[in-house]
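The values are calculated or read from the model by the stated rules, or taken from the named source; none is laboratory data. Bear in mind that the values here come from a model prediction, so they are computed numbers and not experimental data. Quick reminder, even Gly has a Cβ in these numbers, built from the backbone with ideal geometry, and neighbours come from all protein chains shown. Surface areas here come from the heavy atoms of the whole protein model, side chains and all, with no ligands, DNA or RNA. Shrake-Rupley method; radii C 1.70, N 1.55, O 1.52, S 1.80 Å.
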Amino acid sequence: MAARIDTMLILGLGLIGGSLARALKARGFCRRIVGYGHREASLQRGVELGVIDSYTLDLDAALAEADLIVVATPTLVAAQMLERILPRLAELGRAPVITDVASVKGNLQRAAIACCGAMPPNLVLGHPIAGSEKSGVEASREDLFVNHRVILTPAAENDPQAVQLVRDLWEVTGAEVVDMAVDDHDAVLAATSHLPHMLAYALVDALAQSPMSTDIFRFAAGGFRDFTRIASSDPVMWRDIAIANRDAVLATIDQFSAQLASLRAAVEREDADAMLQTFSRAKAARDEFALMLEARSRKD
Ligand SMILES: NC(=O)C1=CN([C@@H]2O[C@H](COP(=O)(O)OP(=O)(O)OC[C@H]3O[C@@H](n4cnc5c(N)ncnc54)[C@H](O)[C@@H]3O)[C@@H](O)[C@H]2O)C=CC1
Ligand SMILES: O=C(O)C(=O)Cc1ccc(O)cc1
């Protein structure tokens, strides 16, 4: 394909930034992909792996020539990046399309509005619902986004052409793009992604502190492995997410705690009916979810 973009700049070349770079490179979406980050060794590795064409440690110089900027750092750093690059781009008189991949959208929207007074027309926030417990450019994959959803949270102030470019960028990677309001995004992701990570971390941490931890882990079955895989995720990334999406995460933890307390009470009372009802409702919901996933993979 003829390149849509001349120079794309990726701020933070890890699993997600690296995977996006690989996918866009494979499909010729950009003529040139430049990486910027705070660890030269991983940028160097990105060049060696052919993920990016070059890298720079000079953000100002990179901003002067970028036509498209993707912020792919941890969530709190992403807000700092916007606070840094938006005024600098204004000084340079440049307005390249800017997007991001962070797991929370509200904090970035607030940072941009605090910086510019309103959402800048060229800033289109996004979030690929694809990834893994692994981090770093070494773990990046060209096909990471194929048949996965990407949520965009376009603002009324957005330039429609900027939104279209970001939509096209993700569709080129094989993803399905859907739009959502920022608050809805943060509430839904708190429930489906942030809460499960909090639970997995809390469970593994609690069991690891048990005097019987060696036997607990030695005799754990597949269910434990499935439930706890995500506790191997990057702690910095999840600390940032919990802070950035504090209110929605607290709401889901509270709702879950109430549910767990009611299950605990049912176990204490040996209330077989209450337990059966809870487990049956959950099984039906999970079976329906599995059918949805199957239907999606058949469609692929
Ligand atoms: N890992 C996952 O499964 C998913 C992650 N996300 C989001 O994508 C973003 C990136 O996550 P990953 O790629 O998994 O993380 P990662 O740790 O693999 O990559 C992050 C990159 O940002 C760089 N970075 C960190 N602090 C920096 C700073 N102060 N200045 C410049 N660069 C800095 C790191 O060196 C690294 O290259 C996060 O906001 C995360 O919430 C979104 C979807 C899935
Ligand atoms: O590893 C997993 O199963 C994930 O849940 C990956 C993931 C992590 C963070 C996101 O914002 C989106 C997806």
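Listing for the model above:
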| item | result |
| --- | --- |
| Residue within the stretch 135-142 that is more than 14 Å from ligand 2 (Cβ to nearest atom), over 16 Å from the mean Cα position of the chain (by Cα), within 16 Å of Ser233 (Cα to Cα) and not hydroxyl-bearing (Ser, Thr, Tyr) present | yes |
| Among the candidates Ala162, Ala191, Ala139, Ala156, residue that is outside the structural domain of Val70 (by TED's automatic domain parsing) and not acidic (Asp, Glu) | Ala191 |
| Failed criterion for Ala251 (all others in (1) more than 16 Å from ligand 2 (Cβ to nearest atom); (2) open to solvent by 70 Å² or more (accessible area, probe 1.4 Å); (3) closer than 30 Å to Arg110 by Cα hold) | (2) |
| Filter result (more than 24 Å from Arg141 (Cα to Cα) and part of a helix (DSSP H, G or I)) within the stretch 35-75 | Leu59, Asp60, Ala61, Ala62, Leu63, Ala64, Glu65 |
| Residue list for the stretch 115-133, restricted to those being surrounded by fewer than 19 Cβ atoms within 10 Å (Cβ to Cβ) and within 16 Å of ligand 1 (Cβ to nearest atom) | Ile129, Ser132, Glu133 |
| Identity of the residue in the stretch 96-114, within 15 Å of ligand 2 (Cβ to nearest atom) and in a helix (DSSP H, G or I), that ends up surrounded by the most Cβ atoms within 10 Å (Cβ to Cβ) | Leu108 |
| Candidate set: the stretch 137-174, residues that are open to solvent by 60 Å² or more (accessible area, probe 1.4 Å), among the polar types (S, T, N, Q) and at pLDDT 95 or above; chosen: the one nearest to His185 (Cα to Cα) | Gln164 |
| Complete set of residues in the stretch 207-234 that are open to solvent by 60 Å² or more (accessible area, probe 1.4 Å) and touching a residue at least 24 places away in the same chain (Cβ under 8 Å) | Phe227, Arg229, Ser232 |
| Some residue of the stretch 13-28 being small (Gly, Ala, Ser), free of Cβ contacts under 8 Å to residues at least 60 places away in the same chain and open to solvent by less than 50 Å² (accessible area, probe 1.4 Å) | yes |
| Output for the stretch 178-206, where each listed residue is under 30 Å from Val166 (Cα atoms), open to solvent by 50 Å² or more (accessible area, probe 1.4 Å) and of a type in the set (D, E, K, R) | Asp179, Asp183, Asp184 |
